[in-house]
Amino acid sequence: MRMSKKEEVIAKESQHYMQVFTREPLVIERGRGAIVSDIDGKDYIDCVAGIAVNNVGHCHPRVVNAIKVQAEKLIHTSNLYYTEIQALLAERMTKLTGLERCYLTNSGAESTESAMKLARRVTGKKGFISTKNAFHGRTMGSLSVTWKETIRQPFEPLIDDVTFVNYGDANAIAGAVTADTAAVIVEPIQGEGGVNVPPDDYLVAVRELCTERDIVLIADEVQTGFARTGKWFACEHANVVPDIMTLAKAMGGGFPVGAMMSRESCQFMPGDHGGTQSGTPLACAAALATIDVIESEDLVEQSRLKGEFLKKLLSDLESPDTVDIRGKGLMVGYELSRPVRSIVDYGRENGVLLNNISENVLRFVPPLVITKEQIETAITVIERAINLHPR
Ligand SMILES: *Cc1c(COP(=O)(O)O)cnc(C)c1O
């Protein structure tokens, strides 16, 4: 029998691509706003957004245009020379974050790496304090401060001077500080760990502690940044300014680009760090356009309002299976008392892309341009899935 286009792609991938990803049986071909279409032309409401990446929606016309225009001018030139667009993006980023220095990267893990190196450089100390269930990336340095044993242990020895403490407990951090602690690295809301929201006073207390003990505070906003939680950056919920902020995911509207922002007092020396394609013109164009869209479409407020709406609909389900509904803005975790795999499968078969972040938790990180009607449709499908597949 002839294979379908979808089966052909999956067969080719299985044969040639490194088998590291557990993928859904779905071949995506295009996207617009909060809708993606598969290779057979079927549409899906996207509640995943490429894992909190497509905040401004798929193929936003302004981002597409900015990439097109820049691609015709200059795609890459290296950091041996200046480009105007890189300087413009750096200026924009410092204004947005309130941090004076910008270093551009190509991914979240690279932002973490940069931050860890910088913390060691400015303090002359070596140790890191991270949190249980933290995720900061999969390269050797960033993996060292990532919690999950199954992805960390096979690659040890990593940086061994890392202490993991309970998330949300500032006293636990205080108890773990030593004379050799360079930095505390923390997500304002844990993403991969399960959409975990800490107590309101947590970041304030961590900030005070770091200031008192002369420790660098690294806020990992790779997932929470760029309006995801109903603020430009999630640290703003607590009015806290970190010493270093790491960014990536949504920054380029889907184009890979990240940043490490830092205070003026927290800087590398010339030659300490670098990257051939870091802050390449095409990435800068995508990021500037993405920032423009977030501003002009007021996506910070949209994220807040639609997040409240989504949480209300989930609680209105009044499902006996509901354990917890948590999150801020359009970063929402829905924990059930049963495995959610069948809900994800049912969603995909019925036009809704969902992500289970662990066995019992669904994570909603849709494009911030998703409409209320699309949210309603998605929740209706989830309700049907819950009722169809009782535990
Ligand atoms: C996704 C993520 C990273 C890693 O980003 P990559 O671009 O996948 O390397 C780091 N920190 C947090 C909080 C993330 O969510």
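Among the residues that make up segment 207-218, is at least one of them polar (S, T, N, Q) and under 30 Å from SER78 (Cβ atoms)? Looking through segment 207-218, none of the residues is polar (S, T, N, Q) and under 30 Å from SER78 (Cβ atoms). When you scan segment 109-126, do you find a residue that is of a type in the set (Lys, Arg), in contact (Cβ under 8 Å) with a residue 40 or more places away in the chain and part of a loop (DSSP other than H, G, I, E, B), even just one? Yes, segment 109-126 contains at least one residue that is of a type in the set (Lys, Arg), in contact (Cβ under 8 Å) with a residue 40 or more places away in the chain and part of a loop (DSSP other than H, G, I, E, B).
Selection within segment 210-239: residues that are without any contact (Cβ under 8 Å) to a residue 40 or more places away in the chain and among the polar types (S, T, N, Q). The member of this set that is farthest from the ligand (Cβ to nearest atom) is THR211. For segment 17-58, filtering for residues that are in a strand (DSSP E or B) and open to solvent by less than 80 Å² (accessible area, probe 1.4 Å) leaves 10.
For every residue, the table says whether it meets (1) open to solvent by less than 50 Å² (accessible area, probe 1.4 Å); (2) within 16 Å of the ligand (Cβ to nearest atom); (3) not in a loop (DSSP other than H, G, I, E, B).
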| residue | (1), (2), (3) |
| --- | --- |
| GLN277 | no, yes, no |
| ALA285 | yes, no, yes |
| THR290 | yes, yes, yes |
| GLU295 | no, no, yes |
| VAL300 | yes, no, yes |
| SER303 | yes, no, yes |
| LEU314 | yes, no, yes |
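Considered as a group, the residues in segment 174-209 that are open to solvent by 10 Å² or more (accessible area, probe 1.4 Å), more than 29 Å from VAL332 (Cα to Cα) and β-branched (Val, Ile, Thr) include one that is farthest from the ligand (Cβ to nearest atom), and that residue is THR178. Can you find, within segment 246-264, the residue that is surrounded by the fewest Cβ atoms within 10 Å (Cβ to Cβ) among those that are farther than 13 Å from LEU89 by Cβ and either free of Cβ contacts under 8 Å to residues at least 40 places away in the same chain or among the charged types (D, E, K, R) (or both)? Among them, the one singled out is GLU264. Only one of the listed residues (ALA52, ALA134, ALA115) is within 16 Å of the ligand (Cβ to nearest atom) and touching a Lys or Arg at 6+ places or on another chain (Cβ under 8 Å). That residue is ALA52. Here the condition is being in contact with a Leu (Cβ under 7 Å, 6 or more places away or on another chain) and either touching a residue at least 40 places away in the same chain (Cβ under 8 Å) or not in a helix (DSSP H, G or I) (or both); of PRO320, PRO270, PRO242, it holds for PRO242 alone.
Scanning for something surrounded by 18 or more Cβ atoms within 10 Å (Cβ to Cβ) and in a helix (DSSP H, G or I), does segment 144-164 turn up at least one residue? Yes, because at least one residue in segment 144-164 is surrounded by 18 or more Cβ atoms within 10 Å (Cβ to Cβ) and in a helix (DSSP H, G or I).
The values are calculated or read from the model by the stated rules, or taken from the named source; none is laboratory data. Source: prediction; values computed, not measured. Because the Cβ atoms are built from the backbone with ideal geometry, glycine has one as well, and the counts that use them run over all protein chains shown. When the accessible area is computed, the model is the full protein with side chains, heavy atoms only, and any ligands, DNA or RNA have been set aside. Shrake-Rupley method; radii C 1.70, N 1.55, O 1.52, S 1.80 Å.
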